[in-house]
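Everything on this sheet refers to the single structure shown next.
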Amino acid sequence: MDIPMTTTTFARTSGAAAPRAPIADDRAMLKAAAELTRDLNAPRPAVYWGDFLASAALGYAALGVAIAAGPLWLTLIAGVVSMLALYRGMSFIHELTHVKHASLPGFRIGYNVFIGVPMLVPSFMYEGVHNLHHARTRYGTSDDPEYLPLALMKPWSLPLFVLVAALAPVALVFRYGILSPLSVIVPGLRKVVVERYSALAINPQFRRRMPEGEAAKQWNLIETACALWAMSLIALVVTGALSLRAFAIMMAVASAVAVVNQLRTLVAHLWENEGEAMTVTAQYLDSVNVPPPSTLPALWAPVGLRYHALHHLLPGLPYHALGEAHRRLSGVLDKSSPYYKANYAGMPGLVAKIARSTMLPR
């Protein structure tokens with residue numbers, strides 16, 4: 001999965017890259033992945049709700065402590081706890097795009113009430129977008145909203161990719177507090193807002209379609225709630241009802257969530273494809289698992305995101321089943337299987353790998 005917080009343009013390195021040999025599908029791996037996990041496909045509502053609500057409650061409680069705290073050290077510690085918990089809660093937006101809503105009644109509403117609207121990252125910004133990233137013929141192409149060949153771009157593209165995420169909270173307040181109400185009364189603006197500013201995408205060429213029917217009704221209801229919250233937040237700050245210190249801490253925590261998520265996005269793939277359609281195995285090898293014994297990925301790649309490559313093999317598998325699926329496949333597949341080639345030790349090595357790639361002449 002990718003949950004990018006900003007859309008911007010990055011430059012490729014100059015010169016033509018050497019053509020890559022196509023990667024054929026490894027049928028043994030694909031067959032094993034399908035057959036060994038058939039009993040793991042059902043989401044467990046108690047796990048989803050318990051994990052999600054606990055993450056949201058901890059995140060907001062810690063944010064309250066950070067705002068109320070006197071000592072700087074307590075503000076910083078509470079802020080970090082709040083960031084990690086709210087980041088985990090926000091990551092459930094990915095599950096909404098894959099799990100059948102009938103199997104998790106009310107979960108979309110719960111996500112939007114507790115995270116989507118307060119964090120200004122509503123479910124519609126990912127639903128109808130992320131599924132395109134998993135489309136067999138779209139992944140890694142110019143039609144993929146969540147893909148850029150970052151490993152083939154200029155060296156400065158990587159720090160820019162991460163740093164622009166820090167501005168995401170301000171951009172979201174502007175999008176919902178200013179552009180949403182304006183788009184109701186300014187002709188033509190609504191289409192621009194929906195097409196260009198309503199998706200968690202990193203491909204600057206992506207334009208999403210206008211919602212229709214029930215989807216449009218749901219979208220409008222959720223967006224209205226986001227707009228009311230964003231406008232209220234602006235009014236509270238302008239009138240002094242919300243102190244600048246409290247607002248700054250809220251924005252800092254939200255900015256940290258966006259930056260950590262962008263770092264995770266940076267290492268979710270190898271970003272080496274130049275636009276051609278890829279086999280499922282090639283897509284898998286361009287994606288990243290960070291399995292145990294590594295422990296830190298549990299914090300920066302929560303809700304199953306540490307098994308991102310495995311998720312591209314089995315996109316319908318609920319997040320709580322990915323660890324068991326990985327154990328089963330690791331116990332059966334031969335060590336020569338490409339399955340193991342997508343496993344990495346952690347974030348530093350992956351960032352270094354991509355950074356080195358941007359410095360190669362092309």
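So, in the range 4-29, how many residues would count as being open to solvent by less than 50 Å² (accessible area, probe 1.4 Å), of a type outside the set (Phe, Trp, Tyr) and at pLDDT 50 or above?
Residues of the range 4-29 that are open to solvent by less than 50 Å² (accessible area, probe 1.4 Å), as a first pass: 4-6, 8, 10-11, 13, 17, 26, 29.
This time we only want the ones that are of a type outside the set (Phe, Trp, Tyr), so: 4-6, 8, 11, 13, 17, 26, 29.
Now drop any that are not at pLDDT 50 or above, which leaves 4, 26, 29.
Selection size over the range 4-29: 3.
In the range 165-206, which residues are under 23 Å from residue 287 (Cβ atoms) and of a type in the set (A, V, I, L, M, F, W, C)? Can you show your working first?
Of the range 165-206, the ones under 23 Å from residue 287 (Cβ atoms) are 165, 199-206.
Within the range 165-206, 165, 199, 200, 201, 202, 206 meet the criteria.
Specify which of the listed residues (273, 343, 289, 261) is surrounded by fewer than 22 Cβ atoms within 10 Å (Cβ to Cβ) and either within 20 Å of the chain's Cα centre (by Cα) or within 30 Å of residue 67 (Cβ to Cβ) (or both).
Details: 273 fails: surrounded by fewer than 22 Cβ atoms within 10 Å (Cβ to Cβ); 289 fails: surrounded by fewer than 22 Cβ atoms within 10 Å (Cβ to Cβ); 261 fails: surrounded by fewer than 22 Cβ atoms within 10 Å (Cβ to Cβ).
So the residue among 273, 343, 289, 261 that is surrounded by fewer than 22 Cβ atoms within 10 Å (Cβ to Cβ) and either within 20 Å of the chain's Cα centre (by Cα) or within 30 Å of residue 67 (Cβ to Cβ) (or both) is 343.
Would you pick out the residues in the range 213-232 that are closer than 18 Å to residue 196 by Cβ and among the charged types (D, E, K, R)?
223
Which condition from (1) among the polar types (S, T, N, Q); (2) modelled with pLDDT under 95; (3) not in a loop (DSSP other than H, G, I, E, B) is the one that residue 330 breaks?
For residue 330, the failing item is (2).
Considering the range 269-289 alone, what residues qualify as being under 24 Å from residue 257 (Cβ atoms) and either of a type in the set (Gly, Ala, Ser) or touching a residue at least 60 places away in the same chain (Cβ under 8 Å) (or both)? Can you show your working first?
Kept after step one, since they are under 24 Å from residue 257 (Cβ atoms), are these residues of the range 269-289: 269, 271, 287-289.
Within the range 269-289, 269, 271, 287, 288 meet the criteria.
Any idea how many residues of the range 206-241 are within 19 Å of residue 116 (Cβ to Cβ) and in a loop (DSSP other than H, G, I, E, B)?
2
Mind checking which residues of the range 293-327 are part of a loop (DSSP other than H, G, I, E, B) and open to solvent by less than 20 Å² (accessible area, probe 1.4 Å)? Lay out the reasoning, then the answer.
Kept after step one, since they are part of a loop (DSSP other than H, G, I, E, B), are these residues of the range 293-327: 293-296, 301-306, 314-318.
Selection gives 301, 302, 303, 304, 305, 317, 318.
Tell me, which helices (runs of 4 or more DSSP H) lie completely within the range 95-180 with 3 or more residues that are surrounded by 16 or more Cβ atoms within 10 Å (Cβ to Cβ) and modelled with pLDDT of 95 or more?
Of the helices (runs of 4 or more DSSP H) lying wholly inside the range 95-180, those with at least 3 residues that are surrounded by 16 or more Cβ atoms within 10 Å (Cβ to Cβ) and modelled with pLDDT of 95 or more span 107-111, 168-174.
For residues that are of a type in the set (A, V, I, L, M) and assigned to a loop (DSSP other than H, G, I, E, B), tally how many sit in the range 333-362. Reasoning before the result, please.
First, the residues of the range 333-362 that are of a type in the set (A, V, I, L, M): 333, 342, 345, 347, 350-352, 354-355, 359-360.
Now restrict to residues that are assigned to a loop (DSSP other than H, G, I, E, B): 333, 345, 359-360.
Counting residues in the range 333-362 that are of a type in the set (A, V, I, L, M) and assigned to a loop (DSSP other than H, G, I, E, B) gives 4.
Which one of these does residue 264 not meet: (1) over 25 Å from residue 305 (Cα atoms); (2) among the charged types (D, E, K, R); (3) modelled with pLDDT of 95 or more?
So residue 264 meets the others, but not (1).
Scan the range 57-64 and tell me whether some residue there is assigned to a helix (DSSP H, G or I) and under 16 Å from residue 300 (Cα atoms). Step through it out loud before you land on a result.
Our first condition is that a residue be assigned to a helix (DSSP H, G or I); within the range 57-64, this holds for 57-64.
Subset that is under 16 Å from residue 300 (Cα atoms): 59.
Looking for residues that are assigned to a helix (DSSP H, G or I) and under 16 Å from residue 300 (Cα atoms), one finds at least one in the range 57-64, hence yes.
I'm told residue 71 meets every condition in (1) farther than 22 Å from residue 322 by Cα; (2) surrounded by 13 or more Cβ atoms within 10 Å (Cβ to Cβ) except one. Can you identify the failing condition by its number?
Condition not satisfied by residue 71: (2).
What number goes with the only condition from (1) part of a loop (DSSP other than H, G, I, E, B); (2) open to solvent by less than 30 Å² (accessible area, probe 1.4 Å); (3) without any contact (Cβ under 8 Å) to a residue 24 or more places away in the chain that residue 198 does not pass?
Residue 198 satisfies all of (1) part of a loop (DSSP other than H, G, I, E, B); (2) open to solvent by less than 30 Å² (accessible area, probe 1.4 Å); (3) without any contact (Cβ under 8 Å) to a residue 24 or more places away in the chain except (3).
Which numbered condition trips up residue 85, out of (1) crowded, with 22+ Cβ neighbours inside 10 Å; (2) within 20 Å of residue 305 (Cα to Cα); (3) out of contact with any Leu (no Cβ under 7 Å at 6 or more places or on another chain)?
(3)
Restricting to the range 183-195, and then to whatever is assigned to a helix (DSSP H, G or I) and open to solvent by 70 Å² or more (accessible area, probe 1.4 Å), can you tell me which residue is farthest from residue 215 (Cα to Cα)? First the steps, then the outcome.
Here is the first cut: in the range 183-195, the ones assigned to a helix (DSSP H, G or I) are 183-185, 189-195.
Then keep just the ones that are open to solvent by 70 Å² or more (accessible area, probe 1.4 Å); that gives 184-185, 191.
Numbers: 184: 18, 185: 21, 191: 16 Å.
Checking each candidate, the answer is 185.
Is it the case that residue 92 is open to solvent by less than 10 Å² (accessible area, probe 1.4 Å), of a type outside the set (Lys, Arg) and touching a residue at least 60 places away in the same chain (Cβ under 8 Å)? Write out each step before concluding.
On the way: open to solvent by less than 10 Å² (accessible area, probe 1.4 Å): yes; of a type outside the set (Lys, Arg): yes; touching a residue at least 60 places away in the same chain (Cβ under 8 Å): yes.
Spelling it out, residue 92 is indeed open to solvent by less than 10 Å² (accessible area, probe 1.4 Å), of a type outside the set (Lys, Arg) and touching a residue at least 60 places away in the same chain (Cβ under 8 Å).
The values are calculated or read from the model by the stated rules, or taken from the named source; none is laboratory data. Values in this document were obtained by computation on a predicted structure and should not be read as measured data. Glycine also receives a Cβ, built like all others from the backbone with ideal geometry; neighbour counts cover every protein chain displayed. Just the protein is used for accessible areas: all its heavy atoms, side chains included, with ligands, DNA and RNA removed. Shrake-Rupley method; radii C 1.70, N 1.55, O 1.52, S 1.80 Å.
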